[in-house]
Amino acid sequence: MEQYRIVLGIEIGRDFLRSAEVENRDGKFFLSRVAERKLETLEVEELVQVLSLLINEETILSRIASVAIDTTITERDTVEVDADLRPEEISGFLKAEISFHNNFSENEYRPAYEVVKTSREGYKEIFYAAINKPLLNSLRNACTRCGLDLQFIDLDHSCSETTINKLEQSVKNYVLVTVKSHQVEASFCKDGERNVYKYINYSGEPFYFVTKIVQDLESETNEYAEKIFVAGTTADVFLVDLLQKSVDKRYELLVPTQSLLLSPVASTNNKLKTVPHHFSPAIGAALK
């Protein structure tokens, strides 16, 4: 039986909302439309207003949604814990860790975690992310009020990994670098799974910090990436060209539209033409 599924991927940042509606037609992915709107706040009424207008103006058909959240409005890091800790003990440790470093109640954030593949003997290396509970509630309430069934909430960087895993399946080992204002984050992925994640806060130009974080990842994993994908709102063609000419030809801008079928509406979208990498988290969220 032919499978058909249509999902609205939504990326939430501090002051923007991006969307990508993706249809799965029996394993072939079809991008029907993308959009971008400004957000004044992350309060539920603002989210409802912007999301409902977007759904109506863009004629969104999907009633299923997945959300990618900008990592800069979350708490996340990589820490080591004792290998014998049970899941509930790890969750308790992470709540205390987040509370200690940020001077607020551990009950304000909800953490999720995964074990990093490069954990050393006797220890688990944990990559965790924690999202503010009021923001989670606002997202859920906004989706419900807009008639959307919210299925997944993940980080924008992780959703860009999904974009690569789904659309670039021939690439087995890669580094994904997400470049944002004053922050570079990167992960080394092998066979579709994240082995290491790191981020660096920076000032000035990101070129040096991109090359450093990639070198650190390859050194730590003792692996060589086939490709180094660059995404993020501060990334652009100029940066990637500079990286290719000065450092390594493996660098390339993450352009998900190269592996997607596009509707006439999507193919004429000016934003998608000029900055396609900006939509990789929303597309990845829809592909989950």
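The values are calculated or read from the model by the stated rules, or taken from the named source; none is laboratory data. The model shown is predicted, which means the values in this text are computed figures rather than measured ones. Cβ sites come from the backbone with ideal geometry, for glycine too, and all protein chains shown count toward neighbours. Ligands, DNA and RNA are stripped out before the accessible areas are found, and what is left, the full protein with its side chains, is counted by its heavy atoms. Shrake-Rupley method; radii C 1.70, N 1.55, O 1.52, S 1.80 Å.
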Problem set entry | Close pairs (9 angstrom Cβ cut-off, 6 or more residues apart or separate chains): free of Cβ contacts under 8 Å to residues at least 60 places away in the same chain in segment 189-218, among the acidic types (Asp, Glu) anywhere | CYS189/GLU161; GLY192/GLU161; ILE200/GLU185; ILE200/ASP216; THR211/ASP248; ILE213/GLU185; VAL214/ASP248; LEU217/GLU223
For this session: Return the only residue of ILE213, ILE228 being closer than 18 Å to THR72 by Cα, touching a Phe, Trp or Tyr at 6+ places or on another chain (Cβ under 9 Å) and β-branched (Val, Ile, Thr).
Result: ILE213
For this session: Within segment 168-179, count every residue that is in contact (Cβ under 8 Å) with a residue 40 or more places away in the chain and over 11 Å from ILE200 (Cβ atoms).
Result: 8
Exercise. Given the residues GLU218, GLU193, GLU205, which is the only one that is over 29 Å from ARG25 (Cβ atoms) and open to solvent by 50 Å² or more (accessible area, probe 1.4 Å)?
Worked result: GLU205
For this session: For segment 221-243, enumerate the residues that are over 19 Å from LEU155 (Cβ atoms) and open to solvent by less than 50 Å² (accessible area, probe 1.4 Å).
Result: THR221, ALA225, ILE228, LEU239, VAL240, LEU243
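Per-residue answers, yes or no, for (1) at pLDDT below 95; (2) not aliphatic (A, V, I, L, M):
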| position | (1), (2) |
| --- | --- |
| CYS159 | no, yes |
| ILE164 | no, no |
| TYR174 | no, yes |
| VAL177 | no, no |
| ALA186 | no, no |
| GLY192 | yes, yes |
| TYR199 | yes, yes |
Problem set entry | Top-ranked residue of segment 15-63 - restricted to ones that are assigned to a loop (DSSP other than H, G, I, E, B) and of a type in the set (Ser, Thr, Tyr), ranked as least open to solvent (accessible area, probe 1.4 Å) | SER62
For this session: Sort out which residues of segment 165-186 are surrounded by fewer than 24 Cβ atoms within 10 Å (Cβ to Cβ) and out of contact with any Ser or Thr (no Cβ under 8 Å at 6 or more places or on another chain), and write them in order of number.
Result: ASN165, LYS166, GLN169, SER170, VAL171, LYS172, ASN173, TYR174
Exercise. Restricting attention to segment 142-164, and to residues there that are open to solvent by 30 Å² or more (accessible area, probe 1.4 Å) and part of a strand (DSSP E or B), which single residue is nearest to TYR199 (Cα to Cα)?
Worked result: ASP154
For this session: Collect the residues in segment 259-274 that are outside any strand (DSSP E or B) and either in contact with a Lys or Arg (Cβ under 8 Å, 6 or more places away or on another chain) or free of Cβ contacts under 8 Å to residues at least 24 places away in the same chain (or both), keeping them in residue-number order.
Result: SER263, PRO264, VAL265, ALA266, SER267, THR268, ASN269, ASN270, LYS273, THR274
Exercise. Can you find a residue in segment 248-260 that is surrounded by fewer than 16 Cβ atoms within 10 Å (Cβ to Cβ) and within 25 Å of ILE6 (Cα to Cα)?
Worked result: yes
Problem set entry | Conditions (1) over 28 Å from LEU260 (Cα atoms); (2) open to solvent by less than 30 Å² (accessible area, probe 1.4 Å): number failed by THR71 | (1)
Seminar exercise, completed: Note: among ARG120, ARG110, just one is farther than 30 Å from ILE64 by Cβ, at pLDDT below 85, outside any helix (DSSP H, G or I) and not aliphatic (A, V, I, L, M), namely ARG120
Exercise. What number of residues within segment 275-287 satisfy the criterion of being open to solvent by 20 Å² or more (accessible area, probe 1.4 Å) and within 11 Å of the chain's Cα centre (by Cα)?
Worked result: 1
For this session: Check off (1) surrounded by fewer than 18 Cβ atoms within 10 Å (Cβ to Cβ); (2) among the hydrophobic types (A, V, I, L, M, F, W, C); (3) more than 23 Å from VAL171 (Cα to Cα) for LEU272 and give me the number that stays unchecked.
Result: (1)
